[in-house]
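Step one of this worksheet: look at the structure below.
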Amino acid sequence: MSQQGFAGINVASVLAESARRYPNHTAVSLGEARISYTQLWGQTLAYAGALKERGVGPGSKVALLSPNVPHFAISYYAVLALGATVVPIHALLKRHEIQYVLEDSGASLLIAAAPLLGEGGTGAQAAGIEVLTLLAPEDLGTTRLEALAAEAAPLTQLSLRDPSDIAAILYTSGTTGKPKGAMLSHFALLEQTSALLIDTFDMSDTDKIFGALPLFHIFGQTVVLNLGIRAGAELVMVPKFNGPEAWDALLDQGITIMAGVPTMYVGLVEAARGRAGTPPALRYAVSGGASLPLAVLERFEQATGARIHEGYGLTETSPVVSFNEIGVDPRPGTIGKPIWGIDAEIADPAIPDRIVLLPRGELGEVVVRGHNLFSGYLGRPEATPEAVVEGWFRTGDLGTKDEENYLRIMDRKKDMVIRNGYNVYPREVEEALLGHPEIVNAAVYGISDATHGQEIVASVTLAPGSTLGPEAVVAYGQERLAAYKYPRIVRIVDEFPLGPSGKILKRELVRQAEDDGAE
């Protein structure tokens, strides 16, 4: 704990406080299993006691590899309660990628769920660190954290930390080069829950939250786990998202709040096609992680009667920057206004070493400052000042801000396509294509072209039974978009490659298209 004052905080206090306020309320559920707040906190203290006996304490880094099960929450808060730093690992990573995260972060221990041991255990062995397992059968012969916790003396008191101490290190997706570990402080993560709960969301101990967002990702970790636990709500855990099963869960389990990424809403809309009956009990839904196509938003609201409120954020911003706040009619196509205490403005993207803000309405790079900013990239002294300039985090996203403070994202700066010298924003093209009733989802990107510099390609998925061909999709786009914008190449695909957070991996689509000659 650094000597900057006497204030002490800990992200694990969200669970400690809710266990005191809502002891008998259900904290997390999975299928028929229910765990109350008292039980969840008790198990957390037991896990923390076991970890303490393995030498975990302030200054330690502990990696966590687990799907969305109650054990994730227990392990996450146990590490934090000890004053250690938790390093959540994406569940889809392969052994070499896991080894990299373990070595780069300096983790001394990996807590791994049994279903992920194939890659996780091998990665940990290569990194030379100990593994404690979750959900593993006794005959597997692993060191089971549950068994250690049953024998250990439970932790009796939270380790309070300086607000600037690092609570979690989350690795960015690494679209260029190796992934970087974004360091998030106790203050940034806790202040997110305060700003969201008090001034942005409408969430209480009577709510049931759909827990399909990966908790190892910052969106699920803040908006579902930490926010939901602080509110005293029930988290309905979903280890793996599946459209029809998710729709059934919304109907059968009385879910009142859903937080998801656009691909989840696409899956739910498809699952709801042709299914009549009583709509879900949803009060509202939240979308983030990528731009939500307007056509998907409208179809979801028709199917459920619930409004989708779109927001925006990044790992480095803990994550929420802006949001269409609950209680105010959302403005489709926008990502809302900056949340309490956050400044989000538009800067000139052509000036990398200074922040030159642009007038309202002009297109530029979204820049952010406030209590939600990360503390830098672990071990990357050269990368942090490139990302944070004059106190502003440069997001790499292109957008606008209007006179009423509503923000719009046009696209990632790196995803913009330049065809014949004209800027083409893939999101605009995707929105146009999704107006077709037989197109379920679309991803638009550019590939190298000797004549035009870049050519525009659209990969699309179609509704069941559709016979729509590439030529018809090209013609549909041509009718609705300027000549330099519509895709000349259309690829019909069964499914999209997705990252761990549910985002479509456009870089993989580009690779596939270029390997196939984009025919």
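The values are calculated or read from the model by the stated rules, or taken from the named source; none is laboratory data. Here the structure is a predicted model, which is why all the values come from computation and not from measurement. Positions of Cβ are generated from backbone atoms using ideal geometry, with glycine treated the same way; all protein chains shown enter the neighbour counts.
Every residue, every condition in (1) in contact with a helix residue (DSSP H, G or I) (Cβ under 6 Å, 6 or more places away or on another chain); (2) part of a loop (DSSP other than H, G, I, E, B); (3) touching a residue at least 12 places away in the same chain (Cβ under 8 Å), yes or no:
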{"position": "ILE355", "(1), (2), (3)": "no, yes, yes"}
{"position": "THR384", "(1), (2), (3)": "no, no, no"}
{"position": "ASP397", "(1), (2), (3)": "no, no, yes"}
{"position": "ARG427", "(1), (2), (3)": "no, no, yes"}
{"position": "THR451", "(1), (2), (3)": "no, yes, no"}
{"position": "ILE456", "(1), (2), (3)": "no, no, yes"}
{"position": "SER466", "(1), (2), (3)": "no, yes, yes"}
* To do: Please determine, by comparing only the residues of segment 443-474 that are in contact with a Lys or Arg (Cβ under 8 Å, 6 or more places away or on another chain) and hydroxyl-bearing (Ser, Thr, Tyr), which one is farthest from VAL510 (Cα to Cα).
  => SER459
* Taking VAL368 as the residue in question, decide whether it is over 22 Å from the mean Cα position of the chain (by Cα), among the hydrophobic types (A, V, I, L, M, F, W, C) and surrounded by 14 or more Cβ atoms within 10 Å (Cβ to Cβ). => no
* Scope segment 1-22; condition exposed (fewer than 13 other Cβ atoms within 10 Å of the Cβ) and either modelled with pLDDT of 95 or more or within 29 Å of the chain's Cα centre (by Cα) (or both); matching residues -> ARG20, ARG21
* Among (1) of a type in the set (S, T, N, Q); (2) assigned to a helix (DSSP H, G or I); (3) surrounded by fewer than 24 Cβ atoms within 10 Å (Cβ to Cβ), where does SER204 come up short? -> (2)
* To do: Given the conditions (1) buried (at least 20 other Cβ atoms within 10 Å of the Cβ); (2) touching a helix residue (DSSP H, G or I) at 6+ places or on another chain (Cβ under 8 Å), report the number of the one that GLY333 does not fulfil.
  => (1)
* Scan segment 57-69 residue by residue and report those that are touching a helix residue (DSSP H, G or I) at 6+ places or on another chain (Cβ under 7 Å) and surrounded by 23 or more Cβ atoms within 10 Å (Cβ to Cβ). => VAL62, ALA63, LEU64, LEU65, SER66
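Here is a yes/no grid of residues against (1) hydroxyl-bearing (Ser, Thr, Tyr); (2) over 25 Å from the mean Cα position of the chain (by Cα); (3) modelled with pLDDT of 95 or more:
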| position | (1), (2), (3) |
| --- | --- |
| LEU80 | no, no, yes |
| LEU102 | no, no, yes |
| LEU155 | no, yes, yes |
| SER159 | yes, yes, yes |
* Do we find a residue being in contact (Cβ under 8 Å) with a residue 60 or more places away in the chain and either surrounded by fewer than 23 Cβ atoms within 10 Å (Cβ to Cβ) or within 21 Å of the chain's Cα centre (by Cα) (or both) anywhere in segment 300-309? -> no
* So ALA290, is it aliphatic (A, V, I, L, M), touching a residue at least 60 places away in the same chain (Cβ under 8 Å), surrounded by fewer than 24 Cβ atoms within 10 Å (Cβ to Cβ) and within 22 Å of TYR171 (Cα to Cα) -> yes
* To do: Would you mind stating whether PRO88 is surrounded by fewer than 18 Cβ atoms within 10 Å (Cβ to Cβ), in contact (Cβ under 8 Å) with a residue 40 or more places away in the chain and within 16 Å of TYR77 (Cβ to Cβ)?
  => no
